[in-house]
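Below is one structure, written out as structure tokens; the observations come after it.
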2 protein chains.
Amino acid sequence: MKERRVSEAVIRRLPKYYRQLQELEKRGIERISSSELSNEMGFNASQIRQDFNCFGGFGQQGYGYQVSVLLKEIGSILGLTHVYNIVIIGAGNIGKALARYADFGKEGYCVKGVFDIRPDLIGKNLSGVTVSDVSTLDVFLAENPIDIGVICTQKENAQEIADKLVANNVHAIWNFAPIDVHVENASVENVHLSDSLYVLSYRLTNS
Amino acid sequence: MKERRVSEAVIRRLPKYYRQLQELEKRGIERISSSELSNEMGFNASQIRQDFNCFGGFGQQGYGYQVSVLLKEIGSILGLTHVYNIVIIGAGNIGKALARYADFGKEGYCVKGVFDIRPDLIGKNLSGVTVSDVSTLDVFLAENPIDIGVICTQKENAQEIADKLVANNVHAIWNFAPIDVHVENASVENVHLSDSLYVLSYRLTNS
């Protein structure tokens, strides 16, 4: 399926469609219309049709979408048919949680290395991967092609680690340090957990 | 400032404005125009002006926005002037990371209790709070008014915990279990860490 130019907003909705379709498949639902999908997800039905049209459309008028086909297509558009090699820098609580998150393996994300600066963490085993000294990261990256670098360090070290990853040909950064990192020639997702907490605070205050 | 009816999309942008303004304040920037803010954030300048107009507008034509005033106003709209009492259910890696996240205290979120089911975690101290047996959660909630319940359990237990929280007058649920919980009469934020990972995969595949 040939892809057209896709807006940022559509790209951000794709993971939500993907999760919803996985959920529908689990519930044994084989076919769904855009208006049923709209009810499930709270997105506008015409927006859903428009989004899918960006990729050539998968539905048939009066029939709707076949869940398994749509799931497979969106997974393929998201690149979830590939295997991605990951390193995690920072073996604190968040780093540990991610290293141990079993579903990553199922979805094609393979943790190849975990790094930390703390002597008491170096050498520990995390789901089959030994935590290495972060001073060996350069050498490791020179020898192992890595797709995604996950930053779980203190905020003070995040930018330096990001620069090091990119300098060593890592083209995607998933940053959990509570500060935005900025790099060129790589994609970055700065994760802000507190954004959703603020939304809750808003609703508590304004309800 | 009297609030008008505010769309979901605007509410979701507010935390981003708030973070950006904190950052600007740290950099010593006192005044900013909507087009400068647009450059910093990648949002359209007219969208920024429209968003702020939802709350009565804070700027002056030809002058722009005063960063400290705007920061204070948006913080107040988000309800960050209040103190929120929190409980965390699940003292695994994510629960620990959140309990130890020092910035929550600064921002008015106060962890009042942490609960788990595992005997080896019960009794442990997490940043000044002792982990309690989850079987005592009902009694605790009856005696302590709690604003936000944070769910960091296995996915199998998440819905049951959510129901228990809401039954005990907790009106906001921040859910990190990798399954959506659904409740009535409370606000829920289901956090999906993998969404941003999928976006990275998309970019790696389509760049």
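Readers should treat all values here as calculations from the given coordinates under stated rules, not as data from a laboratory. These numbers come from a predicted model, not from an experiment. Ideal geometry is used to build each Cβ from the backbone, glycine not excepted, and the neighbour counts take in all protein chains shown.
Please list log₁₀ I(q)/I(0) at q = 0.26, 0.27 Å⁻¹ for the range B:1-67, using the Debye equation with identical point scatterers on the alpha-carbon positions. Debye output, listed in q order: -1.34, -1.41.
Distance from the Cα centroid of the range B:101-141 to that of the range B:63-93 is 22 Å (rounded to whole angstrom). As a length-normalised measure over Cα pairs under 8 Å and 6 or more apart, the relative contact order of the range B:51-154 settles at 30 percent.
Note on chain B: helix-only mean residue ellipticity at 222 nm, from DSSP H runs of 4+ residues weighted -39500 (n - 2.57) and normalised by residue number, equals -13500 deg cm²/dmol.
Across the range A:169-184, coupling constants 3J(HN,Hα) worked out from phi with the 6.51/-1.76/1.60 Karplus curve, θ = phi - 60°, read 6, 8, 9, 9, 10, 10, 9, 9, 5, x, 7, 6, 9, 10, 9, 9 Hz, and Gly and Pro carry x.
Per the Debye calculation on chain B with a single equal scatterer at every Cα and no solvent contribution, log₁₀ I(q)/I(0) for q = 0.08, 0.11, 0.17 Å⁻¹ amounts to -0.36, -0.66, -1.17.
For the range B:28-39, 3J(HN,Hα) computed residue by residue from phi via the Karplus equation (6.51, -1.76, 1.60; θ = phi - 60°) reads x, 7, 9, 9, 8, 8, 5, 6, 5, 4, 4, 4 Hz, glycine and proline entered as x. Amide H to amide H, which residues 5 or more places from A:TYR84 or on other chains are under 5 Å from it, using H placed in the peptide plane? HN-HN under 5 Å from A:TYR84: A:TYR109, A:CYS110. In chain B, the beta-carbon sitting nearest the axis that superposes B on A belongs to the residue given here with its distance in angstrom, B:ASN93, 2.
For B:THR81, the distances from its label point to the matching points in the remaining copies are 5.4 nm, ordered from shortest, with each point set 7 Å beyond Cα toward Cβ.
If you bin all the Cα-Cα distances of the protein assembly as shown at 20 Å, starting from zero, the percentages per bin are 24, 58, 19, 0. The angle between the Cα long axis of helix B:193-206 and the main principal axis of chain B comes to about 50°, on a 0 to 90 degree scale.
Only aspartates and glutamates eight or more places from B:LYS16 in sequence, or on another chain, were considered; those with a Cα closer than 13 Å are A:ASP180, A:ASP195, B:GLU40, B:ASP51. Distances from B:VAL6 to itself in the other copies, using label points 7 Å out along the Cα-Cβ axis, amount to 3.1 nm in increasing order.
Only the Cβ atoms of Lys and Arg (+1) and of Asp and Glu (-1) were treated as charged; on that basis the dipole of chain A about its Cα centre amounts to roughly 660 debye.
Mean projected area of the convex hull spanned by the Cα atoms of the range A:90-207, taken over all viewing directions: 8.8 nm². Comment: the Cα-to-Cβ extended label point of A:THR136, at 7 Å, lies 4.3 nm from its counterparts in the other copies, nearest first.
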